[in-house]
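Peer 1: Let me begin by handing over the structure; questions about it come next.
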Amino acid sequence: MTEQNIDYDVVVCGGGPAGSIAARQSAQLGLRTLVLEKDAFPRFHIGESLLPYMSGLLHELGLLDHVKREGHPVKTGAEFSDTTGKFHRVSFTDQGEGRFHTTFQVDRARFDQFLLDAAVDAGARAVTQANITDIDLQDDDTPHAVHYTAPDGEHVVRAKVVIDATGRAGLISAKLGLRKTVQQLKMVALYHHYVGIREENNPGWRGDIQIGNHDDGWVWAIPNAAGMLSVGTVMRRSTLRGADREALFQDHVSRVPRIVQRLGSAQVQGPLRTESDYCYYAEQVAGNRWFLVGDSAAFVDPVFSGGVYLAMVTGRQAGVEAAAIVNGSERTEECADRFTRLYKTGYDTYFRLVQGFYEYNFDFGAFKADLPDEVDARSVSLLLGGDFWGHANTFASELRKVERWRIFEPFDVYYGCPAYPELELAERTALAERNGSIVGATS
Ligand SMILES: Cc1cc2nc3c(=O)[nH]c(=O)nc-3n(C[C@H](O)[C@H](O)[C@H](O)COP(=O)(O)OP(=O)(O)OC[C@H]3O[C@@H](n4cnc5c(N)ncnc54)[C@H](O)[C@@H]3O)c2cc1C
């Protein structure tokens, strides 16, 4: 590939969390990086509750202090309740020493703007209101071409590496026909934002996400800004068919007394929004100098708030792989293989967690009570926190044994925690010593 033929080392398609972190990582590693985003920022996006491992990841990325200063509501746990008001709380302190015990509920408009700005600060060029219309991928070593339309006209840019971070639009997945629906997780969400929330009405812990289960699905309540609550109901698609959406939303919320209590006399702000059919995956997530990151390749039901974390971890890894390809330090196939293992390990673990929850009819307490004795309470807390790549996690190991929860074809699991790399390695080493085996390098 001659230098005259390329405009950028890497073009990142989409400026959500996955794209911004991919672009930031690429730029930090010295690549000429362009990120193209369809919308004008800041823009509304659903996905407001973050995992505690996100604090570890933001710390690794050098971004935690800034996010803290932004004043997002602090989250210290997750509450699971039912229609009788019975509840079970997972506290992030149960993760034990060495991990952050708090994370954030965020207004995604602000959070995503901050991440995109961080990519620009690292040297990436960002163009918003740039609607990508086509991505021409090449099988040989000629540059890929990305076509987009911006307010000033149509453009084509050529790059060595393309990272698709277009979220649920999934441009490459759509073009190559890679996306498969997870039939057992065909769900729909209806949600509102409420204002006028008063903390004294909250029967639980300030800042917590609440998840309420009932016969037809589950309801979330997320305090995503001061005085505000995002409330959504998730149900099987068949439940929504032909129904009055607003009435159905109100009916589901009214079934969860602890969420009703927290709402008090708050008022709805804005329209009722809908997200539908949202669990899918792609078996192929990387190819010849291209990577699919975040939602562009897979989307898992949001009940455990893992989407943004998975998006940022996979985005960052794609940036690392892009640099290895551009610098010629590793073969393209090796980069694609390592990325694929990391991507699939994260999403597969999260898919399994959600499938278990669904099998227990959205009752996490019942699911947890039925786990085998080998699964210790700390592993449960860590996995809910985002410990998707930890070798020592007994809950994750158990989930991986359940054949009916398998989504991807069999693959080699990737171990090595993106949020706490040294800690995970130490725990993996200790586990290997206990088992009398040798620690394998996985990354
Ligand atoms: C109902 C619901 C609730 C959720 N709740 C949570 C939660 O509480 N916590 C959590 O972590 N996750 C949650 N999620 C998931 C979360 O929203 C996503 O996993 C996350 O946003 C993925 O980030 P991403 O960067 O991959 O994609 P996105 O954030 O969707 O970003 C993709 C970007 O690509 C851009 N784009 C798309 N097409 C084009 C194009 N043609 N040209 C240029 N740009 C394009 C889009 O404008 C967008 O900005 C929820 C999801 C849903 C549906």
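Peer 1: What is the extension gain from residue 205 to residue 93, computed as 0.36 nm multiplied by their sequence separation minus the C-alpha to C-alpha distance, in nm to one decimal?
Peer 2: So the extension gain works out to 39.0 nm.
Peer 1: Per q in 0.07, 0.10, 0.11 1/Å, what log10 I(q)/I(0) does a Debye calculation on the alpha-carbon atoms of the chain return?
Peer 2: The computed values of log10 I(q)/I(0) come out as -0.33, -0.69, -0.84.
Peer 1: Which of 87, 104, 364 ends up with the largest GNM mean-square fluctuation for the chain, with Cα atoms connected below 10 Å?
Peer 2: Between 87, 104, 364, it is 87 that shows the largest mean-square fluctuation.
Peer 1: Output the antiparallel fraction of DSSP beta bridges having both residues in the chain, as a percent to the nearest 5.
Peer 2: 75
Peer 1: Normalised by the residues of the chain, what does the relative contact order come to in percent, with Cα pairs under 8 Å and at least six apart?
Peer 2: 20
Peer 1: Name the long-range amide H neighbours of residue 417: under 5 Å, sequence gap of 5 or more, or other chain; modelled H, no Pro or chain starts.
Peer 2: Result for residue 417 returns 424, 425.
Peer 1: At residue 238 and residue 66, where each label point lies 7 Å from the Cα along Cα→Cβ, what is the point-to-point distance in nanometres?
Peer 2: Once both label points are built, they end up 4.8 nm from each other.
Peer 1: OK, next. Filter the cross-link list 368/401; 160/186; 38/180; 86/401 down to pairs whose alpha-carbon distance in this structure exceeds 26 Å.
Peer 2: Violating the 26 Å limit, Cα to Cα: 160/186; 86/401.
Peer 1: For residue 176 and residue 84, what is the calculated FRET efficiency with R₀ set at 51 Å and r taken between the beta-carbons, to the nearest 0.05?
Peer 2: It comes to 0.60.
Peer 1: Same structure again: Just report the Cα centroid separation between the range 9-78 and the range 182-216, whole Å.
Peer 2: About 24 Å separates the Cα centre of the range 9-78 from the one of the range 182-216.
Peer 1: Oh, and also: Mind pulling the per residue volume of the convex hull built on the Cα atoms of the range 187-276? Å³ is fine.
Peer 2: Enclosed volume per residue, from the Cα hull, is 85 Å³.
Peer 1: Residues in the range 17-47, backbone N under 14 Å from the label point at residue 113 (7 Å along the Cα-to-beta-carbon vector): list them, ranges by number please.
Peer 2: 40-45
Peer 1: Could you work out how far helix 17-28 tilts from the main Cα principal axis of the chain, as a 0 to 90 degree angle to the nearest 10?
Peer 2: Helix 17-28 sits at roughly 40 degrees to that axis.
Peer 1: On to the next question. What does the helix-only formula give at 222 nm for the chain: each DSSP H stretch with n ≥ 4 adding -39500 (n - 2.57), the total divided by the residues, and the result rounded to the nearest 500 deg cm²/dmol?
Peer 2: That comes out to -10500 deg cm²/dmol.
Every number here is computed from the coordinates shown, using simple stated rules; none is lab data. All figures in this text were calculated on a predicted structure; none of them were measured in a lab. Don't worry about glycine lacking a Cβ; one is built from the backbone with ideal geometry, like all the others, and counts go over all protein chains shown.
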